[in-house]
Amino acid sequence: MKKEVLFLIIQFVLFSFYFIDIEVISYSIPSWLNYILLSLVGCGFVIIFLGILNLNDDLSVIHAKKEKPMVFHGIYRYVRHPIYSGILLSMIAYALFTASIFKFILTLIMGVVFYYKSDNEENWMVEKYEQYRIYKKKTGRFLPKLRNKNY
């Protein structure tokens, strides 16, 4: 089985478990914090949308077209994997909003999966695009890098 397919299966399983409510430890947060957390969930969805919008029809590395130029514009100017970033932001904010330790732990596991999945995708991108090495140095994986004046 290809790594890409294995990563997709793991993602699907984790997303499926995310929608199950298992109360491990109960805690409460101030109501004002709920508004911030819901705003972060919304921000995550906006980041996902922008990532998809900038990719157009080149959404998957598995089915990427060889003749397509690499995407450096839009949100990809700041983050190499904005869709993963948006998913993780939304998941972690929602886990905190629902006061679910279980969802929080699943989000951390998903972050590890996204790290290894993105590493696999980036190895492929380095082979396909000569300029990807420079892009990696200048741009953060999931969070924007503080700009170094040498770039």
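Just the Cα atoms of the chain, one point each, no solvent: what log10 I(q)/I(0) does Debye give at q = 0.13, 0.17, 0.21 Å⁻¹? With no solvent term, the Cα-only Debye profile gives -0.67, -1.05, -1.39. Considering only I52, I87, I29, the Gaussian network model of the chain with Cα springs below 10 Å gives its largest mean-square fluctuation to I29.
Since only N54, S100, L38 are under comparison, the one whose Cα sits farthest along the positive direction of the charge dipole of the chain, derived from C-beta charges on Lys, Arg, Asp and Glu, is N54.
Scanning residues 5 or more positions from V79 or on other chains, none has an amide H under 5 Å from its amide H, with H placed 1.01 Å from N in the peptide plane.
Calculated accessible area for the stretch 84-124 comes out at 39 Å² per residue, all protein chains present (probe 1.4 Å; ligands, DNA, RNA ignored).
Taking every protein chain into account, the accessible area of the stretch 1-40 amounts to 83 square angstrom per residue (probe 1.4 Å).
Relative contact order for the chain: 32 percent, from Cα pairs under 8 Å spaced at least 6 residues apart, divided by residue count. The length gained on full extension between N123 and S39, counted as 0.36 nm times the residue separation minus their Cα-Cα distance, comes to 26.8 nm. Considering helices alone, the calculated mean residue ellipticity of the chain at 222 nm is -20500 deg cm²/dmol, with DSSP H runs of length four and up weighted by -39500 (n - 2.57) and normalised per residue. Shown for the chain: the carbon plus sulfur share of the solvent-accessible area, taken with all protein chains present and a 1.4 angstrom probe, equals 67%.
The values are calculated or read from the model by the stated rules, or taken from the named source; none is laboratory data. What you see is a predicted model; the values in this text were computed from it and never measured. Please note: Cβ atoms are built from the backbone with ideal geometry, for glycine as well, and neighbour counts cover all protein chains shown. SASA here: full protein model, heavy atoms, side chains in, ligands and nucleic acids out. Shrake-Rupley method; radii C 1.70, N 1.55, O 1.52, S 1.80 Å.
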